[in-house]
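The values are calculated or read from the model by the stated rules, or taken from the named source; none is laboratory data. This one's a predicted model, so the numbers in the text were calculated from it and none came from an experiment. Cβ coordinates were reconstructed from backbone atoms using ideal geometry, including for glycine residues, and neighbour counts include every protein chain displayed.
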Amino acid sequence: MKYIKRLVSIIFYYSGLCFILISLVNMLRKRKRLLILMYHGVGDKSLNIDDNLPLDEFRQQIEYLNQKYKIIAFDQAVEYLKSNNRIFDKPLAVLTFDDAYQSIYDNVYPLLREKKIPVTIFVPVSFVGQPGKWLREEQVDGRIMDWDMINELSRDNMITIGSHAMRHLKLSLLGIEEMRDELLKSKTILEDKLKKKVEYFCYPYGQVAECSALIIGEVKKCGYSAACSTIWGTHSSAQNLFALRRIRVDYHDSFFDFKLKTKGAFDWLEFFHLLKRRS
Ligand SMILES: [Zn+2]
């Protein structure tokens, strides 16, 4: 499947269709260019762990992003989407890390701290300090940071901590009370532990069904200001502030794939993701 996606994306990009479509969509929806990248673990590829991007590849991606984009914090991104502010001379990028793996503390944080690059980390609160139980057994490196690590990161003003719910469940499968519990309890516990306001949410699994109008309504009621989906896209807008588009960076992406993804060559996936809602 990944080869088909790659082939379609190469054709989409090099035929020029990508730019025609993106320009058209931007014009019609008055969208702004804001690239939100979704990462998971960064570490040792030899462990054969899904989503564990090798550190040297991550470093190469960061160098590329740093040249081509202005990497901003989540607060700035939300502010930017809500305003008509176009003062930035470069396209904007935001780095997000789902699941709060310890590998982010061990490998990513030292690198990004040195370069003063802001990041956002979404924590599945029930699994703090433990392996994420939704992961397969062999994902030995899928340990989630403990509270000391999360607290340390949270004190750095380049780091934003958001909620990834409590138990990493699909909210669409829960009753309304259980859903509220996932949203509100995770926020309250994080705020209590970190002594900071937690304003951003990231839907576990994050596809279209996970950010329905009903679920978005609950996210707003619980006091969040924005939320990330896993719906594909290199462009977000104020209209989808509670289902922000992101591009997923996979451990098997080559640097060429990564550049294609950031340039919008895989953006046709957004249409398929959105179509699922209607089928
Ligand atoms: Zn997750």
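Only a single criterion out of (1) without any contact (Cβ under 8 Å) to a residue 60 or more places away in the chain; (2) within 16 Å of the ligand (Cβ to nearest atom) is not satisfied by residue 204, namely (1).
I'd like the full set of residues that are of a type in the set (A, V, I, L, M, F, W, C) and at pLDDT below 95, limited to the range 37-57. Scanning the range 37-57 gives 42, 47, 49, 53, 55. Put simply, of 117, 150, 121 the only residue that is within 14 Å of the ligand (Cβ to nearest atom), modelled with pLDDT of 95 or more and either in a strand (DSSP E or B) or of a type outside the set (S, T, N, Q) (or both) is 121.
If you go through the range 161-189 and pick out every residue that is closer than 17 Å to residue 242 by Cα, away from the ligand (no atom under 12 Å from the Cβ) and surrounded by fewer than 20 Cβ atoms within 10 Å (Cβ to Cβ), you end up with 3.
How about the range 172-263: which helices (runs of 4 or more DSSP H) wholly inside it have at least 1 residues that are farther than 23 Å from residue 161 by Cα and aromatic (Phe, Trp, Tyr)? Of the helices (runs of 4 or more DSSP H) lying wholly inside the range 172-263, those with at least 1 residues that are farther than 23 Å from residue 161 by Cα and aromatic (Phe, Trp, Tyr) span 255-262.
If you go through the range 190-204 and keep only what is under 21 Å from residue 95 (Cβ atoms) and surrounded by fewer than 16 Cβ atoms within 10 Å (Cβ to Cβ), you end up with 196, 197. With respect to residue 66, is the statement that it is part of a helix (DSSP H, G or I), at pLDDT 90 or above and crowded, with 19+ Cβ neighbours inside 10 Å true? For residue 66, the condition - part of a helix (DSSP H, G or I), at pLDDT 90 or above and crowded, with 19+ Cβ neighbours inside 10 Å - is not met.
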